[in-house]
Amino acid sequence: MSISCVPKYAAILALSALGVGAVDTFIDAVYEHAVKLPNRTETPVPREEALLLMHKNIDVLEKAVKLAARQGAHIVVTPEDGIYGWVFTRETLYPYLEAIPEPGVNWIPCTEPQRFGYTPEQERLSCLAKDNSIYVVANIGDKKPCNASDPQCPPDGRYQYNTDVVFDSEGRLVARYHKGVESMHRRLSRCITMTWKQRVASCFQS
């Protein structure tokens, strides 16, 4: 994990959530770890099994968040795919997703965990931010229902998004960024989930 003092423009998503002035600086921590990956499978695992894997990775992140806070960081940025990994098809990824609301709803999952359904990943990340008084940026998966009135709606009736979220130092969800849509049903259902750039290269090139 690296700790640095950088200008505001270094990370637009996180900094827009911080809401500091253009000339201000802050201390950030950027963290990488060896992600615990699920076993490759052709069928979706039970939600409980998916949660067990994700909580193992969040356990690792928790140590990094606490260390960053002790070292004076204002914000910690966790890895791409750092919570559930990347060895998935579209179908096998689904048990790892949670519905992530718009940030404007003024929600602290740590104190209102059931307000938007069952969201244990967001609850844990929110509590990490709140308990350590630090902003936490994490990469998780979002799911949104759709129907036949939407011509782009996949046959299974949902969009799946590779999503970055930011929780402020009180644990409040303050930013949600859909990095890419993982719901294109043509060809993508046969693709292994990797980083977003790798997915684009491997799944959409003719």
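The values are calculated or read from the model by the stated rules, or taken from the named source; none is laboratory data. The structure presented is a predicted model; accordingly, all values stated were derived computationally and were not measured. Cβ: placed from backbone, ideal geometry, glycine included. Neighbour counts: every protein chain shown. Each accessible area value is taken on the protein alone, full model and side chains, heavy atoms only, with ligands, DNA and RNA left out. Shrake-Rupley method; radii C 1.70, N 1.55, O 1.52, S 1.80 Å.
Summary table
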quantity: Heavy atoms of His178 accessible to a 1.4 Å probe, total area in Å² rounded to 10; calculated: 60 Å²
quantity: DSSP-loop chymotrypsin sites (Phe, Trp or Tyr not before Pro) across region 69-159, with at most 15 other Cβ within 10 angstrom; calculated: Tyr118
quantity: Pairwise label distance in nanometres, His55 with Val87, each label 7 Å out on the Cα-Cβ vector; calculated: 2.2 nm
quantity: Net lengthening on full extension, Phe116/Lys66 (0.36 nm per residue, minus Cα-Cα); calculated: 15.3 nm
quantity: Contour minus Cα-Cα distance for Glu48 and Asp150 (0.36 nm per residue); calculated: 33.6 nm
quantity: Computed FRET value (nearest 0.05) for Thr41 with Lys179, which takes r as the C-beta separation and R₀ as 25 Å; calculated: 0.55
